[in-house]
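A.B. asks: Following this message is one structure expressed as structure tokens.
The values are calculated or read from the model by the stated rules, or taken from the named source; none is laboratory data. Quick caveat, the model's predicted, so the values are computed rather than measured. Don't worry about glycine lacking a Cβ; one is built from the backbone with ideal geometry, like all the others, and counts go over all protein chains shown. The accessibility values were calculated without ligands, DNA or RNA, using every heavy atom of the protein model including side chains. Shrake-Rupley method; radii C 1.70, N 1.55, O 1.52, S 1.80 Å.
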Amino acid sequence: MYGERRPEFDPDEVMRQLRGSLGRFGGSVPRGFSAVLLAFGGLLALALLWGATGFYTVSPEEQAAVRLFGQFRGTEGPGLHWYPPAPIGTRNVEAILETKTMELGFRSEPARDVSVEALMITGDLNIIDIQMVVQYRIVDLGKFLFQVGDPGDPDRDPREGRPDGRTLKDATEAALRQVVGQRSIDDALTAGREAVQEDTKVLLQQLMDDYQSGIEILQVVLQTVRPPDQVRDAFDDVVRARVDKEGRINQALAFEQDRIPRAQGDAQQVVQAAQAFKEARIARARGEAQQFIDILEEYESSKNVTRQRLFLEAMEEVLPGVTLYVLDPEAGSGVLPFLPLAPGAGNLGTGAN
């Protein structure tokens with residue numbers, strides 16, 4: 001029909017043309033050769049389809065482990081790659097930058113406690129309930145996939161053959177039990193939690209390296225550390241008493257830090273005042289001694305003049321404090337003529353007719 005647009009590619013038309021071409025070709029060649037040619041074309045198409053399945057893409061956070069006839073050949077980074085598909089080659093693409101977690105002593109989905117993993121004995125022979133989370137990631141994909149034959153853990157559903165199944169869980173439990181078994185229950189419940197986490201992480205990493213698991217332990221976090229339910233109330237009382245003790249100790253330390261600097265300041269002030277008094281007395285004594293030496297030298301050089309000057313200076317110091325009385329020798333007998341010269345003195349003299 002005029003105006004109807006034919007499709008650019010018509011599979012039916014292509015097949016009709018292909019049949020016609022093969023029919024014309026088959027009329028001039030033997031029938032057996034035509035069958036061989038058709039078989040070869042089919043095999044070639046199957047080979048192309050098989051080869052096309054060898055293309056795969058690796059994301060930036062992933063890595064691919066490739067095997068040839070079942071033998072590990074290496075890893076491939078992010079990008080588009082081609083590798084012979086099965087049954088010649090196989091590939092495993094895994095997220096190596098993803099942080100994975102494992103729960104010990106409890107499960108969050110569904111929420112429940114796993115007491116067989118959580119209960120352990122401390123160094124002072126007490127039972128303690130510990131729930132912990134381990135964070136890890138893959139650092140060596142070849143070792144992670146092919147080095148450890150792990151049966152898997154159906155409780156957490158990791159795949160079989162991966163070391164983050166029973167291997168990681170058992171190693172974590174062994175490391176934690178060893179660390180807790182070297183400490184008292186008070187240490188694990190209170191101030192020693194950070195040390196328990198760090199020591200467990202170090203020991204667990206050593207175990208996973210010994211197994212050549214290809215796993216790096218990023219963090220070990222204690223979720224809950226508590227005594228068993230049967231004795232929990234008694235331990236809570238002990239913890240509260242310990243908190244009160246620490247509070248009293250902190251108050252005493254604060255009082256000490258306030259009083260000691262103040263007393264040291266007062267003592268330093270007294271010491272400085274005494275030092276200043278000492279220096280003043282020494283300087284004064286030295287000045288008086290030097291003055292005496294100077295006078296002695298002058299006296300030895302001119303004794304009469306120096307003696308007279310010293311006498312006059314002594315009189316200047318003595319006479320201002322002495323009260324003077326003047327008597328008139330010409331006054332009549334029987335009357336004591338008296339003239340007070342002291343400031344503010346009244347008329348103390350009396351006269352007789």
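A.B. asks: Please compute the per residue accessible area over segment 109-252 with all protein chains in place, 1.4 Å probe, rounded to a whole number of Å². Intermediate results must be reported in sequence, preceding the final value.
C.D. replies: Details: 7790 Å² over 144 residues.
On a per-residue basis, segment 109-252 sits at 54 Å².
A.B. asks: Also, quick follow-up: Could you check how much of the accessible area of segment 143-199 is carbon and sulfur, as a whole percent, using a 1.4 Å probe? Intermediate values should be presented prior to the final figure.
C.D. replies: On the way: 1110 of 2750 Å².
Ligands and nucleic acids excluded, carbon and sulfur reach 40 percent.
A.B. asks: Same structure again: Over segment 65-177, what per residue volume does the convex hull of the Cα atoms give, in whole Å³?
C.D. replies: Value for segment 65-177: 123 Å³ per residue.
A.B. asks: Which of the aspartates and glutamates could a cross-linker bridge to Lys303, judged by Cα under 16 Å and excluding same-chain residues fewer than eight apart?
C.D. replies: Within reach: Asp294, Glu313.
A.B. asks: Also, quick follow-up: Probe radius 1.4 Å, ligands and nucleic acids ignored: give me the carbon and sulfur share of the accessible area of segment 257-324 as a rounded percent.
C.D. replies: 57 percent
A.B. asks: For an R0 of 25 angstrom, estimate the FRET efficiency from the Cβ-Cβ distance between Ser184 and Arg112 and round to the nearest 0.05. Mind showing how you got there, number by number?
C.D. replies: Numbers: r = 29 Å, r/R0 = 1.16.
So, using R0 = 25 Å, E works out to roughly 0.30.
A.B. asks: On average, how much accessible surface per residue is there in segment 257-319, in Å², for a 1.4 Å probe, leaving out ligands, DNA and RNA?
C.D. replies: On the way: 5580 Å² over 63 residues.
Here the residues of segment 257-319 average 89 Å² of exposed surface.
A.B. asks: Spelling out what I want: for every residue of segment 137-154, take phi, set θ = phi - 60°, compute 6.51 cos²θ - 1.76 cosθ + 1.60 (Karplus), and round to whole Hz; glycine and proline get x.
C.D. replies: With coefficients 6.51, -1.76 and 1.60, one gets 8, 8, 10, 9, 5, x, 5, 4, 8, 10, 8, 10, x, 9, x, x, 10, x Hz.
A.B. asks: So, with a 1.4 angstrom probe, what is the percent of accessible area on segment 32-103 that is carbon and sulfur? Can you show the working numbers first?
C.D. replies: Numbers: 3040 of 4490 Å².
The computed percentage sits at 68.
A.B. asks: How much space per residue, in cubic angstrom, does the convex hull of the C-alpha atoms of segment 32-129 take up?
C.D. replies: Working: hull volume 20.0 nm³, N = 98.
Cα-based convex hull of segment 32-129, divided per residue, equals 204 Å³.
A.B. asks: Run a plain Debye calculation on segment 167-281 (Cα atoms as equal point scatterers, no solvent) and give log10 I(q)/I(0) at q = 0.10, 0.12 Å⁻¹, rounded to two decimals, same order as the q list.
C.D. replies: Results for segment 167-281 at q = 0.10, 0.12 Å⁻¹ read -0.56, -0.66.
A.B. asks: Let me know the Rg and Dmax you get for segment 190-257 when you use only its Cα atoms, in Å.
C.D. replies: That works out to 18.4, 56 Å for Rg and Dmax.
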